Amino acid sequence: MQISPLQKARYEYQPKLPGMLRGGIADICVREGEETQSVADQEKIKALFPNTYGKKEITFQKGQNTAPARKQVVGVILSGGQAPGGHNVICGLYDALKATSKDNVLLGFKGGPSGLVEDKFVEFDDAFIDAYRNTGGFDIIGSGRTKIETEEQFEASVETCRKHGLTAVVIIGGDDSNTNAAVLAEYFAAHHTGVQVIGCPKTIDGDLKNDDIDCSFGFDTAVKTYSELIGNIERDANSAKKYWHFIKVMGRSASHVALECALETQPNICLIGEEVAAKKMSLSQIADQIADSVCARAAKGDNFGVAIIPEGIVEFVPEFGKLIGEINELLAGENTARFNALPTWDAKYDFIRKGLTKESFAVFEILPQGIQQQLFLERDPHGNVQVSLIESEKLFAELVRNKLEERRKAGTYNGKFSTQHHFFGYEGRCAFPSNFDADYCYSLGYNAFMLIQYGFTGYLSKVSGLEKPAEQWTAGGMPITKMMNMERRNGQDKPVIRKALVELDGAPFRYFEAHRKEWAENTCYTFPGAIQYWGPTEVCDRTTVTLALEKGMLK
């Protein structure tokens, strides 16, 4: 198979480990910390996880390895959406297993958690692993979004583990996947299977983080990939001087991706969903905010600009959330078939008008027709609007255009407004991981094996101090239940890992807030360029601006 020079060079890259994990597994011991409790709903979480709740945080350090010797047969699962570096988690896990004993075995279960349930797997060897080192994607075994939650699924998982003599399962995923890892660990412990479960924190959305997790893997590479593209567009905008570019970026439940891209590129506008929700901003207010920037720049002769829109922005707008809720109710049950059977959009529009409250229809009425129709596209498995299908970049461009026409008629605007639309999402999920993500992910996998060797279960592989050089990173583990609370999901109270939203009093947002007026009116673009793999450390191994601000490394 033909491979590119970069691909070959990345295969040969040697990821950096935290100092405490270097020099041989025989010289790594455990230091125990304090017992833990969940972030909220302690009694309820404890009742649901009696065998795995309240365990101690642990840190690895230099010292004699006291773990009992035994053959390890470990299964690994990739769960949820792709994120750069997932392959390196598997490579780090494999290398640690084999460094301990050549007889240890690593099985990769195919297609996500369903691979464990259905016993679909591949056994890794050196040649297999070497073909995926430091590469993007999840194609080594594929991924999936199956949740192991029924008794039949649990029993099938136990049978798969028993059949292969598994001693542990490592689940690489986001908040939902690691919640599932905690549930699986509890089930295995309650049924005395002897099988451990370890999680690894993954998501490009950046919303799996807290006091213990500096950031999830994949976020660094994804935002640098998007920022390169946004920087390229900014350069083009400043060259052609004739387009406003509306750019939607991934991040449905939190705006971390949009905020980091703004910190990297200094666009004229960046919407932050959490701020929209906190201020209860309407669609009209948001459109006015963008229109103010367009007008201010047009007054200087700059009829161009760049606006970054987070994927889930409309869900943060209170009036839009109410509209979505009413549409979900309107099309519940047999009404979906009735609506779809209507012959024309005019007939459907009349059906909608009669079914919505006056307030929600007023919101619906100001939307461009294309966006109106997107609200009635294919529903999700629960019958709800798929908000991610809404082209919010086009929505806000059109709303701003309408605002500008009003201002033109009032004599307060006399510029030109031509738009281009972009969505950056899949471009970043499988990129070659940055050195940071390659190192971080390899460390997470290597560290996961240490947790297995010392007998921990229901733990998340934890590598922290990520704003420092890799040598100074700290490796250890924390009980997954520490991150959990109860939330309402599909009509039921469920234990879930709490998502981390953008903190409006946090250093990254405060920095953005302090500079955005200047960025809105002037051309202050910065151009991050492509991810660098070789060269000065400050260029090749740097972390995100978000993390640097959070840790006080930038002011």
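The values are calculated or read from the model by the stated rules, or taken from the named source; none is laboratory data. Values in this document were obtained by computation on a predicted structure and should not be read as measured data. Cβ coordinates were reconstructed from backbone atoms using ideal geometry, including for glycine residues, and neighbour counts include every protein chain displayed.
Summary of values
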| read-out | value |
| --- | --- |
| Count - residues of region 280-299 that are in contact (Cβ under 8 Å) with a residue 40 or more places away in the chain and farther than 18 Å from P368 by Cβ | 7 |
| Of all residues making up region 101-122, the number that are more than 26 Å from T179 (Cα to Cα) and either of a type outside the set (S, T, Y) or not assigned by TED's automatic domain parsing to the domain that holds F154 (or both) | 3 |
| Residue match in region 335-342 (condition: part of a loop (DSSP other than H, G, I, E, B) and surrounded by fewer than 19 Cβ atoms within 10 Å (Cβ to Cβ)) | yes |
| Cβ pairs under 8 Å, 6+ apart, first in region 204-230 and closer than 15 Å to L460 by Cβ and free of Cβ contacts under 8 Å to residues at least 24 places away in the same chain, second part of a loop (DSSP other than H, G, I, E, B) and among the charged types (D, E, K, R) | none |
| Region 243-274 - residue that is among the polar types (S, T, N, Q) and more than 15 Å from F509 (Cα to Cα) and, of those, surrounded by the fewest Cβ atoms within 10 Å (Cβ to Cβ) | S253 |
| Failed item, numbered, when E34 is tested on (1) buried (at least 16 other Cβ atoms within 10 Å of the Cβ); (2) in a strand (DSSP E or B); (3) of a type outside the set (G, A, S) | (1) |
| Helices (runs of 4 or more DSSP H) wholly inside region 100-164 that include at least 1 residues being touching a residue at least 40 places away in the same chain (Cβ under 8 Å) and in contact with a Ser or Thr (Cβ under 6 Å, 6 or more places away or on another chain) | 113-118 |
| Count of residues meeting criterion [buried (at least 20 other Cβ atoms within 10 Å of the Cβ) and either outside any strand (DSSP E or B) or basic (K, R) (or both)] in region 465-497 | 8 |
| Evaluation of R70 against (1) surrounded by 24 or more Cβ atoms within 10 Å (Cβ to Cβ); (2) in contact (Cβ under 8 Å) with a residue 40 or more places away in the chain (one fails), failing number | (1) |
| Check on G75, of a type in the set (G, A, S) and outside any helix (DSSP H, G or I) | yes |
